[in-house]
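**Q** Please read through the structure below; I'll follow up with questions.
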Amino acid sequence: MSNQIVLTGDRPTGALHLGHYVGSLQNRLTLQEKYECFILIADIQALTDNFDDPTKVKFNVHQLLLDYLAVGIDPKKTTICVQSQIPELFELTTYFLNLVTINNLERNPTVKHEAEQKGYDSIPAGFFIYPVSQAADIALFQSELVPVGEDQLPHLEETNRIVRKFNRIYGVDALKECQPILSETKRLVGTDGKSKMSKSLGNAILLSDNNDTIHQKVMGMFTDPKHQKVNDPGDPNNPVFEYLTIFHPDKNYIEELKSSYSKGGLGDVKVKNILSEVLIELISPIREKRIQYSNDMFMMTQILKSGTETARQAAAPTIKNVRRAMHLNVLDVLG
Ligand code: TRP
C-alpha cells in the first residue's frame, strides 16, 4: 500500500457507459487495491450547469453509486462521498477564489469549450469558477494522484497553481500538489464512429442497458461504408473492430478476423454478432448487480453516509491547518 491518496470525481448527470468502463472504472478497480482511494460524487459541480434540474442531479447520485458498486468498486476500499454534504469543500473554495484571477480562468480550454457547447451568451459565475471548487476537492483530501481524462488536465494545472500560491503566501506546506493518472485506453469512440462515446450524443452503450438494447445498438453501429457486399474488402479501422480489440478476450482471433475482413469475405453482421455477444457477456452481470443493489435503498444511503463521514474526518486536519495558516483561528484561545 502506498501512502499517496488517490481522489477522483464524477458529475452525477447520467448513468455510466462503456466509455467510462474502459476509460476510468477499470482503472479505479486496480487503484483501490494499492492506494487509499476517494471517489467524490460531485453533485455541486453538476448543479453548476444543471441548477434548473436538481431532481435529475439527485437521481443520478444514486445511479452513479449503482454503477460503482456493480462494477466492483468496494466501499470498504474506496471512500465514496457526496460533495454537497462536505461543507469544508465550500469553505476551501471560498479561500481559493482569492488566489485565482478571472484572466486565468478565462484561459481554461475545457471551460471555454464547454461554455461554447452550452451556447451561453453570458457564462454563469458558478459554472465559470467550477475549476476552483475542483481544486478544493483535490486539495482538501491531500490527494496527490488524480485519475482523469485528458480534458481535465487544465483543472489539475489550476489546482497546482492555487496550491503553490497558497503555500507561498501563507508560508506553509499545508497543501499538496497533485499529478494526473491518465488511463491507457484513450477515449472510446461512440457507436456512430464520429465522436467520443457520450450519452447525450446518443452513441453510447450503457452499463444498465438490457441485452436487446445492446444487440440493437451493436447492429446499428457504424462500419466501413465501402464494405457493401460480403466479398468486398473492408477496412477494419472502424468502431466495431475497435471495440472487439478492446473487449474480446482472444486478441489473436480478432487479428485473424481483421485480416479476413480486409481481404473480403467476412460480413458486417457476423462481426457484429460476435461483438454483441462479448458485450452482453460483459454487461449482463453488471446490470444484474445493479438491479440487486437498486432494491436496497437503505444500504445505498448507508454507504453514502458512512463514506461522507469518513471523508469529513479525513479532511478535518487539513481545514484546521488552512485556517491556522490564514490566521482565521480567531476563536481559538491559544491562537
Ligand atoms: N470535472 C470532473 C468531470 O467532469 C468531475 C470532478 C469533480 C473531479 N471533482 C473532481 C475529477 C476532482 C477529479 C477530481 O469528470
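**Q** Quick check on this structure: which one of LEU89, LEU156, LEU140, LEU66 is away from the ligand (no atom under 11 Å from the Cβ), touching a helix residue (DSSP H, G or I) at 6+ places or on another chain (Cβ under 8 Å) and not charged (D, E, K, R)?
**A** Numbers: LEU89 fails: away from the ligand (no atom under 11 Å from the Cβ); LEU156 fails: away from the ligand (no atom under 11 Å from the Cβ); LEU140 fails: away from the ligand (no atom under 11 Å from the Cβ).
Among LEU89, LEU156, LEU140, LEU66, only LEU66 is away from the ligand (no atom under 11 Å from the Cβ), touching a helix residue (DSSP H, G or I) at 6+ places or on another chain (Cβ under 8 Å) and not charged (D, E, K, R).
**Q** I've got another one for you. What's the total number of residues in segment 53-101 that are open to solvent by 30 Å² or more (accessible area, probe 1.4 Å), outside any helix (DSSP H, G or I) and β-branched (Val, Ile, Thr)?
**A** Final tally of qualifying residues: 1.
**Q** So LEU175 fits all but one of (1) at pLDDT 95 or above; (2) away from the ligand (no atom under 13 Å from the Cβ); (3) open to solvent by 50 Å² or more (accessible area, probe 1.4 Å); what number is the exception?
**A** For LEU175, the exception is condition (3).
**Q** For residues in segment 318-335 being assigned to a helix (DSSP H, G or I) and open to solvent by less than 80 Å² (accessible area, probe 1.4 Å), which is farthest from ALA139 (Cα to Cα)? Give the steps one after another, and end with the answer.
**A** Taking segment 318-335 first, the residues assigned to a helix (DSSP H, G or I) are 318-325.
Checking which are open to solvent by less than 80 Å² (accessible area, probe 1.4 Å) leaves us with 318-319, 321-322, 325.
Values: THR318: 9, ILE319: 10, ASN321: 12, VAL322: 11, ALA325: 15 Å.
Checking each candidate, the answer is ALA325.
**Q** Please go through (1) open to solvent by 20 Å² or more (accessible area, probe 1.4 Å); (2) within 13 Å of the ligand (Cβ to nearest atom); (3) in contact with an Asp or Glu (Cβ under 9 Å, 6 or more places away or on another chain) for VAL148 and return the number of the only condition it doesn't satisfy.
**A** (3)
**Q** Name the residue that is nearest to the ligand (Cβ to nearest atom), counting only residues in segment 159-172 that are within 23 Å of the chain's Cα centre (by Cα) and not β-branched (Val, Ile, Thr). Explain how you work it out, then say what you get.
**A** Let us first name the residues in segment 159-172 that are within 23 Å of the chain's Cα centre (by Cα), namely 159-163.
Filter once more, keeping what is not β-branched (Val, Ile, Thr): 160-161.
Working: ASN160: 13, ARG161: 15 Å.
Step by step, filter segment 159-172, then rank; the result is ASN160.
**Q** Right, another one. Quick one: in segment 22-52, which of the residues that are away from the ligand (no atom under 13 Å from the Cβ) and at pLDDT below 95 is surrounded by the most Cβ atoms within 10 Å (Cβ to Cβ)?
**A** Out of the qualifying residues, it is VAL22.
**Q** Suppose the filter is assigned by TED's automatic domain parsing to the domain that holds ASN321, touching a residue at least 24 places away in the same chain (Cβ under 8 Å), of a type outside the set (Gly, Ala, Ser) and away from the ligand (no atom under 11 Å from the Cβ); does GLN134 pass it?
**A** Numbers: assigned by TED's automatic domain parsing to the domain that holds ASN321: yes; touching a residue at least 24 places away in the same chain (Cβ under 8 Å): yes; of a type outside the set (Gly, Ala, Ser): yes; away from the ligand (no atom under 11 Å from the Cβ): no.
Here the answer is no, as GLN134 does not meet what is asked.
**Q** Can you confirm whether GLY9 is farther than 23 Å from ALA311 by Cβ and either surrounded by 15 or more Cβ atoms within 10 Å (Cβ to Cβ) or within 15 Å of the ligand (Cβ to nearest atom) (or both)?
**A** no
**Q** Looking at (1) under 29 Å from SER208 (Cα atoms); (2) open to solvent by 70 Å² or more (accessible area, probe 1.4 Å); (3) part of a helix (DSSP H, G or I); (4) not small (Gly, Ala, Ser), which is the only condition ASN237 fails?
**A** It fails just one condition, (3).
**Q** Restricting to segment 29-45, give me the number of residues that are in contact with a helix residue (DSSP H, G or I) (Cβ under 8 Å, 6 or more places away or on another chain) and over 16 Å from ASP151 (Cβ atoms).
**A** Here is the first cut: in segment 29-45, the residues in contact with a helix residue (DSSP H, G or I) (Cβ under 8 Å, 6 or more places away or on another chain) are 29, 37-45.
Okay, now just the ones that are also over 16 Å from ASP151 (Cβ atoms), so 29, 37-41, 43-44.
Of the residues in segment 29-45, 8 are in contact with a helix residue (DSSP H, G or I) (Cβ under 8 Å, 6 or more places away or on another chain) and over 16 Å from ASP151 (Cβ atoms).
**Q** Give the residues of segment 108-122 that are under 16 Å from PRO154 (Cβ atoms), open to solvent by less than 70 Å² (accessible area, probe 1.4 Å) and not hydroxyl-bearing (Ser, Thr, Tyr), sorted by residue number. Quick ask: steps written out before the conclusion?
**A** As a first pass, look at segment 108-122 and keep what is under 16 Å from PRO154 (Cβ atoms): 108-117.
Now restrict to residues that are open to solvent by less than 70 Å² (accessible area, probe 1.4 Å): 108, 110-111, 114-115.
ASN108, VAL111, GLU114, ALA115, listed by residue number.
The values are calculated or read from the model by the stated rules, or taken from the named source; none is laboratory data. Source: prediction; values computed, not measured. All Cβ positions, even for glycine, are placed from backbone atoms using ideal geometry, and neighbour counts span all protein chains on display. For the accessible areas, the whole protein counts, side chains as well, though only heavy atoms, and no ligand, DNA or RNA atoms are used. Shrake-Rupley method; radii C 1.70, N 1.55, O 1.52, S 1.80 Å.
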